[in-house]
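All remarks here apply to the structure that follows.
The values are calculated or read from the model by the stated rules, or taken from the named source; none is laboratory data. No experiment lies behind these values; they were computed from the predicted model shown. Cβ placement follows ideal geometry from the backbone for every residue including glycine, while neighbour counts extend to all protein chains displayed. Ligands, DNA and RNA are excluded from the accessible area calculation, which covers all protein heavy atoms including side chains. Shrake-Rupley method; radii C 1.70, N 1.55, O 1.52, S 1.80 Å.
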Amino acid sequence: MATKQAKVKVAMVFHQESDEQFAVTCGAVDAGLTKDSAMFPALPVDLATFGVQSAAFGAALVASKDGGRKAVAEKNKQRTVTTKMLSKLARYVDEVANGDLTLITASGFQPTAGTTSAQPTATPAVGKLVQDKSGEIVVTPTTVNARMYEVHWGVAGPGGAIPATWTTIQVANARPGTRATGLTPGTVYTFQVRAFGTLGWSDWSDPVSKMST
């Protein structure tokens, strides 16, 4: 007997996500609903309001890193408020999409399709390293199916060894590229990228080095 495939719906997994993953989800939904606003014309939560609340949670999350009780309590409070907004948006998207995987994906939410298994996030590569202004290199990862990207770089060690310390930036899209600034002309830097998807972070890409001018 053939297995009946469940209808694709919005996966309400953000309730169980870590704070860091939850912040990524908020950014993805904000970006998705803003970009494809014509597909979702009657949102139950004003996107500008949601954006402000998401930013408030993000700021509280950063402030809570020191472990202070008041800061952690404030972070939890902001997450609760943000979760309520996100839940309303998720239910609305689910209703509008009515099982349309393309619409659910466009919204920034994760889809669920019963027995369909999520696939590991593919590892992007450092597609291009372009010297811009003196002390600035633009890093462009190759595009994969991801919700965000992370780029890091550091001074190459002796003989091209991996850097001892890294500077890291998270970005929503691979293009138009991430600008590494404050580089010392005449110094060789090593760059890597990775992507964040449904099952978490991919592996870091192979390192690529370039001398800054």
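Assorted remarks:
- Any chance THR165 is at pLDDT 90 or above, loosely packed, with under 14 Cβ neighbours inside 10 Å and hydroxyl-bearing (Ser, Thr, Tyr): yes
- Residue in segment 109-120 that is in contact with a Lys or Arg (Cβ under 6 Å, 6 or more places away or on another chain), open to solvent by less than 50 Å² (accessible area, probe 1.4 Å) and in contact (Cβ under 8 Å) with a residue 24 or more places away in the chain present: no
- Residue match in segment 25-47 (condition: polar (S, T, N, Q), touching a residue at least 12 places away in the same chain (Cβ under 8 Å), open to solvent by less than 30 Å² (accessible area, probe 1.4 Å) and over 30 Å from MET211 (Cα atoms)): yes
- Scanning segment 122-142 for residues that are open to solvent by less than 30 Å² (accessible area, probe 1.4 Å) and of a type outside the set (Ser, Thr, Tyr) turns up PRO124, VAL126, GLY135, ILE137, VAL138, VAL139, PRO141.
- Filter result for the condition that a residue is at pLDDT below 95, under 26 Å from SER37 (Cα atoms) and either more than 20 Å from the chain's Cα centre (by Cα) or of a type outside the set (A, V, I, L, M) (or both), over ALA90, ALA97, ALA55, ALA73: ALA97
- Test: THR80 is out of contact with any helix residue (DSSP H, G or I) (no Cβ under 7 Å at 6 or more places or on another chain) and touching a residue at least 12 places away in the same chain (Cβ under 8 Å): no
- Near pairs, Cβ below 7 angstrom, 6+ apart or cross-chain, from segment 83-107 (over 18 Å from GLY51 (Cβ atoms)) to any residue that is charged (D, E, K, R) and outside any loop (DSSP other than H, G, I, E, B): ASP94/LYS9
- Residue selection: ALA63 satisfies the criterion of being part of a helix (DSSP H, G or I) and open to solvent by 50 Å² or more (accessible area, probe 1.4 Å).
- Pick from segment 169-213, criterion of a type in the set (Val, Ile, Thr) and open to solvent by less than 70 Å² (accessible area, probe 1.4 Å), ranking: farthest from VAL155 (Cα to Cα): VAL171
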